[in-house]
Amino acid sequence: MTAEAIRVSPGWLDLREAVDAAARAPELVGRLRHVAPAESGWLIHDLACGSGAMGRWLAPLLSGPQRWVLHDRDADLLALAAADVPGPAADGAEVSVETRLSDVTRLGAGHFAGATLVTASALLDLLTWDELDVLIHACTAAGCPVLFALSVTGRVQLLPADPLDARISAAFDAHQRRLTPRGRLLGPDAVEAAVEGFRRLGAEVVVRPSPWRLGAAQSDLLVEWLAGWVDAACEQEPELARDADLYRRRRLREAEAGVLGVTVGHADLLVLA
Ligand SMILES: C[S@@+](CC[C@H](N)C(=O)[O-])C[C@H]1O[C@@H](n2cnc3c(N)ncnc32)[C@H](O)[C@@H]1O
């Protein structure tokens, strides 16, 4: 299956929204408030918005009128985003939303004319270096801040530890970096690539950790994440299948008993023009 064929399910986005909100780095919003636009308000482009979680989290934390332009290539997710709009702003100002069916790898500076902020969540690791480079140039040319949140870092810790953790983790990371018809995906290298790319163009970049912390209270997401993590590892290394099957059962028993804890590394980065 190619990366192009993979669609993100609304159920998965729904499951992760609260955990994402708890993981996001609030300090970066503090920095963003210092560069808030004057009374004309915010024009925010959210790239690969999915069902719109970034706006629902960020809009109430910013003051002033906000116009959000939500981009995704999945029309069904855009419809969900349009049906559950964010706001109001922190000071009660109006928040409006427009959706655009877009391939975010094809956006240029012209698409961001007048933007005061470009955001994305859980996107960078899905891109190739060439796609990220185009995006970095488009954002830099737009001359506004950029908040790219929740990019995976490849740092995963499960407690209690299991002898198979490292092998599954390495196979999963290799799967994230797999070759696709578009090129090799960045996977866990995305954060470093983005930081270098923006800094090379002279921007200031602030990076903060935003890990998921999954335990008994997040067991629905934990179980879904675990299944996807192990499946991707086995797709990458089919010879893992037998051991991974026993591993999956062990881990699910631990999750059901409420004794499994998982930290999934992510990072948020704020780019100041
Ligand atoms: C993991 S989801 C994240 C969704 C949302 N940002 C969030 O944090 O809940 C990745 C999203 O990227 C979108 N996507 C991936 N590649 C894209 C592309 N080239 N152009 C537009 N959307 C894309 C998918 O449709 C999906 O909605």
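The values are calculated or read from the model by the stated rules, or taken from the named source; none is laboratory data. All values reported here derive from a predicted model rather than from experimental measurement. All Cβ positions, even for glycine, are placed from backbone atoms using ideal geometry, and neighbour counts span all protein chains on display.
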Practice prompt. Tell me which residues, restricted to the range 102-120, are part of a helix (DSSP H, G or I) and within 15 Å of the ligand (Cβ to nearest atom).
Written response: Val104, Thr105, Arg106, His111, Phe112
Practice prompt. Filter the range 102-129 for residues that are β-branched (Val, Ile, Thr) and more than 18 Å from Ala59 (Cβ to Cβ) and give the result.
Written response: Val104, Thr105, Thr128
Response to the item:
Note: among Thr105, Thr116, just one is within 24 Å of Val205 (Cβ to Cβ) and crowded, with 22+ Cβ neighbours inside 10 Å, namely Thr116
Discussion item. Would you confirm whether or not the range 198-206 contains a residue that is within 15 Å of Val152 (Cβ to Cβ), out of contact with any helix residue (DSSP H, G or I) (no Cβ under 8 Å at 6 or more places or on another chain) and modelled with pLDDT of 95 or more?
Written reply: no
Worksheet item: Quick check: anything in the range 49-69 within 15 Å of the ligand (Cβ to nearest atom) and in contact with a His (Cβ under 7 Å, 6 or more places away or on another chain)?
Response: yes
Item to complete: Check the range 33-48 and report whether any residue there is among the basic types (Lys, Arg), more than 12 Å from the ligand (Cβ to nearest atom) and either surrounded by 17 or more Cβ atoms within 10 Å (Cβ to Cβ) or modelled with pLDDT under 95 (or both).
Response: yes
Item to complete: Scan the range 15-24 and give yes if some residue there is surrounded by fewer than 21 Cβ atoms within 10 Å (Cβ to Cβ), modelled with pLDDT under 95 and part of a helix (DSSP H, G or I), otherwise no.
Response: no
Worksheet item: Has the range 134-153 got any residue that is surrounded by fewer than 23 Cβ atoms within 10 Å (Cβ to Cβ), in a strand (DSSP E or B) and out of contact with any Pro (no Cβ under 7 Å at 6 or more places or on another chain)?
Response: no
Worksheet, complete the sentence: Of Ser63, Ser51, the only residue that is within 18 Å of the chain's Cα centre (by Cα), free of Cβ contacts under 8 Å to residues at least 60 places away in the same chain and part of a loop (DSSP other than H, G, I, E, B) is Ser51
Discussion item. Give me the residue from the range 73-101 that is assigned to a loop (DSSP other than H, G, I, E, B) and either of a type in the set (Ser, Thr, Tyr) or within 11 Å of the ligand (Cβ to nearest atom) (or both) and, out of that set, surrounded by the most Cβ atoms within 10 Å (Cβ to Cβ).
Written reply: Asp74
Item to complete: Test each condition in (1) touching a residue at least 40 places away in the same chain (Cβ under 8 Å); (2) closer than 19 Å to Ser40 by Cβ for Leu124 and report the one that comes out false.
Response: (2)
Discussion item. So Leu70 passes all but one of these: (1) in a loop (DSSP other than H, G, I, E, B); (2) buried (at least 20 other Cβ atoms within 10 Å of the Cβ); (3) not polar (S, T, N, Q). Which condition number does it fail?
Written reply: (1)
